[in-house]
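The values are calculated or read from the model by the stated rules, or taken from the named source; none is laboratory data. This structure is a prediction, so every number in the text was calculated from the model and none was measured. A quick note on method: Cβ atoms are made from the backbone with ideal geometry, for glycine too, and the neighbour counts reach across all protein chains shown. Ligands, DNA and RNA are excluded from the accessible area calculation, which covers all protein heavy atoms including side chains. Shrake-Rupley method; radii C 1.70, N 1.55, O 1.52, S 1.80 Å.
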Amino acid sequence: MTDTNLKNKKIAVLGLGYVGLPLALEFARKYPTIGFDINGKRVEELRCNEDHTLEADITILKEVNKDNALQLKIDEKGMFFTASIGDMSDCNVFIVTVPTPTDKYNRPVLTPLIKASETVAKVLSKGDIVIYESTVYPGVTEDECVPVLERESGLTFNKDFFAGYSPERINPGDKLHTVTKILKVTSGSTPEVGKVVDELYKSVIVAGTHLAPSIKVAEAAKVIENSQRDINIAFVNELAKIFNLLEIDTHEVLEAAGTKWNFLPFKPGLVGGHCIGVDPYYLAQKAQEVGYHPEIILAGRRLNDGMGAYVATESVKCMLKKNIPVTSAKALMLGITFKENCPDIRNSRAIDIYNELRTYDMQVDVYDPWADAAEVKEEYGLNLITDKADLKQKAYALIVLAVAHDRFLEMDLSALGSAEYVLYDVKAILPKGQVTSRL
C-alpha cells in the first residue's frame, strides 16, 4: 500500500528541462522537492538561480532554492538540485520528465525513458509512486518502464510500488499558459493510486485536473493532442501550396473563412519542436505494431516535414522571376529555433530551409538572437551570425524570415538586402506590401 497522506510526500523530478524545471519549482512551494538531472552543468546553473531555457520564474527559483543544502525533510518545503542519485533516496514520489525523441527513421527512441527508470529503481522503496510525464504511445509506462523498475529494484508492481502517468502540456516560450494554468490529465496504476496522483497535482495546478480511468487512456490522450494539431496544420499547409499555384493569398483566404464561428484558426508554417513534430510518430508506431497503417497521421507528417524544402524552392523561384542569380548568391535566414520568442532549437524545421538553399550552392548565413550559438553549432553544425551589425555588410540577395521572433519586427530588413533582393516571410508577420512572397 502507498501512503495517501500528501503531507508525507517528498518529490523527486528527474529531468530539469522545459517540462521538469517549472513543474519541480511549483511542487517545491508546497513539498520538499529534489530536482535531478544527469547534466552537472545544468544543476550548477540552477543552483546559481539561473535558467538558460528562460522557462523558470526566477522569483520562484530564488524563493524555493534552499541555499544548495540538502536539508529537505518531509515536514518542510523547498528545492534542492542534484546530479547524485543517492540524494533522492528518501523521496517517495518520482516524476520522470525526460525527452522522448525519434531517430533519423522517425522511430520512437525510449532510451532516455529506460535510463531514467533504471535510475529511479536504484532508490525505489516499498510504497513509492513513479509518475511519467514524457510523451509516449499507449502502453509504454506499464509495458516498457514498469518491467525495468521491477527488474532493477527487485520490487513487485502494484504491490510494493505503483505507477502513474500525467502527460506534460508545456508550451515553451508561452508565459500565459504556464504549468499551473493548464488543466492536467492524471492517472494511476490502481484506482487508489490514481486518486493520490490526482490530489497531488491538484494541490499545485490551479487550473484543475482530469483523472483518467487508466494509464493507457492518459497516454493516448496526450499523443492525440499534438497529432490533431499536426494534421490541422498539414491541411492549411496543403492549402497554401494550392493557393500559391492559383495566385491567391492564403492568409487572406483564412481571414475570410475565419469569420465563420466554427472555423478552426490554424495557419501554415514549419512544424517542428519536441511535441507536434514528434508525437504523431509515436502513435503511428503503435498503430503499425497492432497491424494498422495510419494513413492520415503519416500523410500529415510527410506534408509538414516537407515544408522547409518547399519554402526554399519558392524563395529561389522568386529570385529567378527577378532575374537574380542563384548560384553563389548570398542568403540570410532569420531564425533557427523551432518557434518564436523561444531559445529551444530541438527538432527545428528551419534547418530544412537552410539545407535546401545550400543545395543551390548559395552562401547562407543564419541569425537568431534567441538561439545559443554553441548549441546550434553542436546540433546542426553551422555557425550563427551573432552580431547584428555584421548583417548590414553582406547585401543579401535573399532574406528568408523563418521564425516569427518579435525582435525581427524591430529590424530594418530592407537595409540588409542588395539592390535587388527577395524577402520571403514564412510566418506572414510583416505587412504584405513589404515582402516579395509569403507562405
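What the table shows:
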quantity	calculated
Residues (more than 28 Å from Asp51 (Cα to Cα), among the acidic types (Asp, Glu) and surrounded by 16 or more Cβ atoms within 10 Å (Cβ to Cβ)) located in the stretch 151-173	Asp160
Count of the stretch 341-352 residues which are touching a residue at least 60 places away in the same chain (Cβ under 8 Å) and either in a helix (DSSP H, G or I) or farther than 16 Å from Val311 by Cβ (or both)	8
Criterion: open to solvent by 30 Å² or more (accessible area, probe 1.4 Å), closer than 19 Å to Glu118 by Cα and either aliphatic (A, V, I, L, M) or in contact with a helix residue (DSSP H, G or I) (Cβ under 6 Å, 6 or more places away or on another chain) (or both) - qualifying residue of Ile38, Ile34, Ile74, Ile95	Ile38
Yes/no for Ala234 being touching a helix residue (DSSP H, G or I) at 6+ places or on another chain (Cβ under 7 Å), more than 30 Å from Asp57 (Cβ to Cβ), of a type in the set (A, V, I, L, M, F, W, C) and in contact (Cβ under 8 Å) with a residue 24 or more places away in the chain	yes
Contacts under 6 angstrom Cβ, first residue in the stretch 396-421 being under 20 Å from Tyr310 (Cβ atoms), partner open to solvent by less than 10 Å² (accessible area, probe 1.4 Å) and hydroxyl-bearing (Ser, Thr, Tyr), 6 or more apart	Leu398/Ser315; Val400/Ser315; Val400/Tyr424; Val403/Thr337
Matching entry among Ile242, Ile205 (being β-branched (Val, Ile, Thr), within 16 Å of Ile131 (Cβ to Cβ) and out of contact with any His (no Cβ under 7 Å at 6 or more places or on another chain))	Ile205
Filter result (in contact with a Lys or Arg (Cβ under 8 Å, 6 or more places away or on another chain) and either of a type in the set (Gly, Ala, Ser) or in a helix (DSSP H, G or I) (or both)) within the stretch 273-303	Gly273, Gly277, Asp279, Pro280, Tyr281, Ala284, Gln285
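Condition check ((1) more than 17 Å from Asn341 (Cβ to Cβ); (2) open to solvent by 10 Å² or more (accessible area, probe 1.4 Å)) across all residues:
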residue	(1), (2)
Ala373	yes, yes
Glu379	yes, yes
Leu391	yes, no
Tyr396	yes, no
Arg407	no, yes
Ala415	yes, yes
Ser418	yes, yes
Tyr421	yes, yes
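Let's see how each residue does on (1) in contact with a Leu (Cβ under 7 Å, 6 or more places away or on another chain); (2) modelled with pLDDT under 95; (3) open to solvent by 10 Å² or more (accessible area, probe 1.4 Å):
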{"residue": "Ser189", "(1), (2), (3)": "no, no, yes"}
{"residue": "His210", "(1), (2), (3)": "yes, no, yes"}
{"residue": "Glu219", "(1), (2), (3)": "no, no, no"}
{"residue": "Asn226", "(1), (2), (3)": "no, yes, yes"}
{"residue": "Phe235", "(1), (2), (3)": "no, no, yes"}
{"residue": "Phe243", "(1), (2), (3)": "no, no, yes"}
